[in-house]
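S.K.: I'd like to ask you about the structure that follows.
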Amino acid sequence: MKPALRRRLREYALLMRLDRPIGILLLLWPTLWALWIAAGGRPSGLLLGVFVLGTVLTRSAGCIINDLLDRDIDPFVQRTRERPLASRRVSPQEALVLFAVLMLCAFGLVLLLDATTVRLAFVAAALMVSYPLFKRFFPAPQAWLGVAFGWAVPMAFMATLGAIPRVAWLLFLVTVVWACIYDTLYAMADREDDRRLGVRSTALLFGSMDLLAVGCLQGLMIFGLWLVGQQAGFGLAWLAGLVAATALFIWQLWIARDREPAECLRAFRLNNLVGMAVFAGAVVDHALRTN
């Protein structure tokens, strides 16, 4: 491969955030929770493949459209000024072409599913594209991010069961709350830059009550997941996963207690382990029931 092509591909990978897979994982965990619950612990290989690969594609496309809309803001934020679009190493035209390619690939995947799930996928695309705009005027854009990230939950239930039961909408709401938790911690690292640039976030909305608000949301999420377990008929393994998630939440609050940007980002990244703990509880609970 020629060096120039290698450098170009590297820039595209950075634009898609493939070097920072945490965003993909935070989108993937609720999808996996939903697939396991909907399928009784035995999701089909086709659905797993479609939703896992679809998560990678849509998250990557979402990063591109976010950076494209923020390309005149990111140069003034310490954490984002070296992004390919912000530093002008990738042109808006290139970004749009890459975005279109990723979305076409994702659309091709979803065509393997039923017609209703395909229609839900159009809603998911609209949510993803609109999220960056909400940071301009909506005081809690993290909630809209949660709706965008959580939309995979009803899609997974529809693709598996042909319906969206009550437990699916409960899990969807839990996912919205979770996004408010981790993205508030993320926004706390950029609070001063966001205030200066007029970008909205829950970190600014909550102000000095930010950690208290995050703690309340964490408690609400754990309670919501307990209700999900009640409706799904889960037992001790699910509860063990929730205990582990609770411990990780407490650890996050402790890490972020001084509101240092690097520590807030560290607390944010720990949410990957929260998602993993909840998923492990679902997997083990289903495995114990089938043995």
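The values are calculated or read from the model by the stated rules, or taken from the named source; none is laboratory data. Quick caveat: nothing in here was measured; it's all calculated off a predicted structure. All Cβ positions, even for glycine, are placed from backbone atoms using ideal geometry, and neighbour counts span all protein chains on display.
S.K.: Just one of THR31, THR58 is in contact with a Phe, Trp or Tyr (Cβ under 6 Å, 6 or more places away or on another chain), crowded, with 17+ Cβ neighbours inside 10 Å and in a helix (DSSP H, G or I); which is it? Explain how you work it out, then say what you get.
M.R.: On the way: THR58 fails: in contact with a Phe, Trp or Tyr (Cβ under 6 Å, 6 or more places away or on another chain).
The conditions single out THR31.
S.K.: Considering GLU82, GLU94, which residue is under 21 Å from PRO132 (Cα atoms) and part of a helix (DSSP H, G or I)?
M.R.: Numbers: GLU82 fails: part of a helix (DSSP H, G or I).
Result of the check over GLU82, GLU94: GLU94.
S.K.: Within the set of pairs 6 or more residues apart or between chains, which connect a residue that is without any contact (Cβ under 8 Å) to a residue 12 or more places away in the chain and part of a helix (DSSP H, G or I) inside region 1-19 to a residue that is loosely packed, with under 11 Cβ neighbours inside 10 Å and not basic (Lys, Arg) with Cβ atoms less than 7 Å apart?
M.R.: Between residues of region 1-19 that are without any contact (Cβ under 8 Å) to a residue 12 or more places away in the chain and part of a helix (DSSP H, G or I) and residues that are loosely packed, with under 11 Cβ neighbours inside 10 Å and not basic (Lys, Arg), the close pairs are ALA13/ASP19.
S.K.: Is it the case that some residue within region 160-181 is out of contact with any Asp or Glu (no Cβ under 8 Å at 6 or more places or on another chain), modelled with pLDDT of 95 or more, among the hydroxyl-bearing types (Ser, Thr, Tyr) and closer than 25 Å to ARG269 by Cα? Talk me through it step by step, then tell me what you get.
M.R.: Step one: filter region 160-181 for residues out of contact with any Asp or Glu (no Cβ under 8 Å at 6 or more places or on another chain), giving 160-161, 163-181.
Checking the rest, the ones that are also modelled with pLDDT of 95 or more come to 160-161, 163-181.
This time we only want the ones that are among the hydroxyl-bearing types (Ser, Thr, Tyr), so: 160, 175.
Next cut, closer than 25 Å to ARG269 by Cα only: 175.
Among the residues of region 160-181, at least one is out of contact with any Asp or Glu (no Cβ under 8 Å at 6 or more places or on another chain), modelled with pLDDT of 95 or more, among the hydroxyl-bearing types (Ser, Thr, Tyr) and closer than 25 Å to ARG269 by Cα, which makes the answer yes.
S.K.: So which residues in region 108-142 are β-branched (Val, Ile, Thr) and either over 14 Å from VAL50 (Cα atoms) or touching a Cys at 6+ places or on another chain (Cβ under 8 Å) (or both), if there are any at all?
M.R.: First, pick out the residues of region 108-142 that are β-branched (Val, Ile, Thr): 110, 116-118, 123, 129.
Correct list: THR116, VAL123, VAL129.
S.K.: Name the residue, out of GLN231, GLN218, GLN252, that is touching a Lys or Arg at 6+ places or on another chain (Cβ under 8 Å) and not aliphatic (A, V, I, L, M). Please lay out each step first, then the result.
M.R.: Working: GLN218 fails: touching a Lys or Arg at 6+ places or on another chain (Cβ under 8 Å); GLN252 fails: touching a Lys or Arg at 6+ places or on another chain (Cβ under 8 Å).
Step by step, each of GLN231, GLN218, GLN252 is checked, and only GLN231 is touching a Lys or Arg at 6+ places or on another chain (Cβ under 8 Å) and not aliphatic (A, V, I, L, M).
S.K.: Quick one: in region 34-55, of everything that is out of contact with any Ser or Thr (no Cβ under 7 Å at 6 or more places or on another chain) and hydrophobic (A, V, I, L, M, F, W, C), which residue is surrounded by the fewest Cβ atoms within 10 Å (Cβ to Cβ)?
M.R.: LEU46
S.K.: Scan region 17-34 for residues that are out of contact with any Lys or Arg (no Cβ under 8 Å at 6 or more places or on another chain) and farther than 30 Å from PHE234 by Cβ and report the count.
M.R.: So the answer is 3.
S.K.: Name the residues in region 118-153 that are free of Cβ contacts under 8 Å to residues at least 60 places away in the same chain and within 19 Å of PRO43 (Cβ to Cβ), would you?
M.R.: Selection gives VAL118, LEU120, ALA121, TRP151.
S.K.: Kindly indicate whether ALA256 is touching a helix residue (DSSP H, G or I) at 6+ places or on another chain (Cβ under 9 Å) and more than 19 Å from LEU211 (Cβ to Cβ). So that I can check it myself, show each step before the final result.
M.R.: On the way: touching a helix residue (DSSP H, G or I) at 6+ places or on another chain (Cβ under 9 Å): yes; more than 19 Å from LEU211 (Cβ to Cβ): no.
Judged against the criteria, ALA256 is not a match.
S.K.: Based on this model, can you work out whether VAL274 counts as in contact with a helix residue (DSSP H, G or I) (Cβ under 6 Å, 6 or more places away or on another chain) and within 17 Å of VAL214 (Cβ to Cβ)? Full working, then the answer.
M.R.: Working: in contact with a helix residue (DSSP H, G or I) (Cβ under 6 Å, 6 or more places away or on another chain): yes; within 17 Å of VAL214 (Cβ to Cβ): yes.
So VAL274 passes the test.
S.K.: Of the conditions (1) surrounded by fewer than 21 Cβ atoms within 10 Å (Cβ to Cβ); (2) hydrophobic (A, V, I, L, M, F, W, C); (3) within 22 Å of GLY41 (Cβ to Cβ), VAL228 satisfies every one except a single condition; which number is it?
M.R.: Tallying (1) surrounded by fewer than 21 Cβ atoms within 10 Å (Cβ to Cβ); (2) hydrophobic (A, V, I, L, M, F, W, C); (3) within 22 Å of GLY41 (Cβ to Cβ), VAL228 fails exactly one: (1).
S.K.: Out of the residues in region 109-125 that are surrounded by 12 or more Cβ atoms within 10 Å (Cβ to Cβ) and over 17 Å from THR160 (Cα atoms), which is farthest from the chain's Cα centre (by Cα)?
M.R.: VAL123
S.K.: Among the listed residues LEU236, LEU248, which satisfies the condition of being surrounded by 14 or more Cβ atoms within 10 Å (Cβ to Cβ) and either over 26 Å from ARG136 (Cα atoms) or at pLDDT below 95 (or both)?
M.R.: Details: LEU236 fails: surrounded by 14 or more Cβ atoms within 10 Å (Cβ to Cβ).
That would be LEU248, the only listed residue that is surrounded by 14 or more Cβ atoms within 10 Å (Cβ to Cβ) and either over 26 Å from ARG136 (Cα atoms) or at pLDDT below 95 (or both).
S.K.: Hey, could you check region 199-213 for residues that are out of contact with any Asp or Glu (no Cβ under 8 Å at 6 or more places or on another chain) and free of Cβ contacts under 8 Å to residues at least 40 places away in the same chain and say which is surrounded by the most Cβ atoms within 10 Å (Cβ to Cβ)?
M.R.: Checking each candidate, the answer is PHE206.
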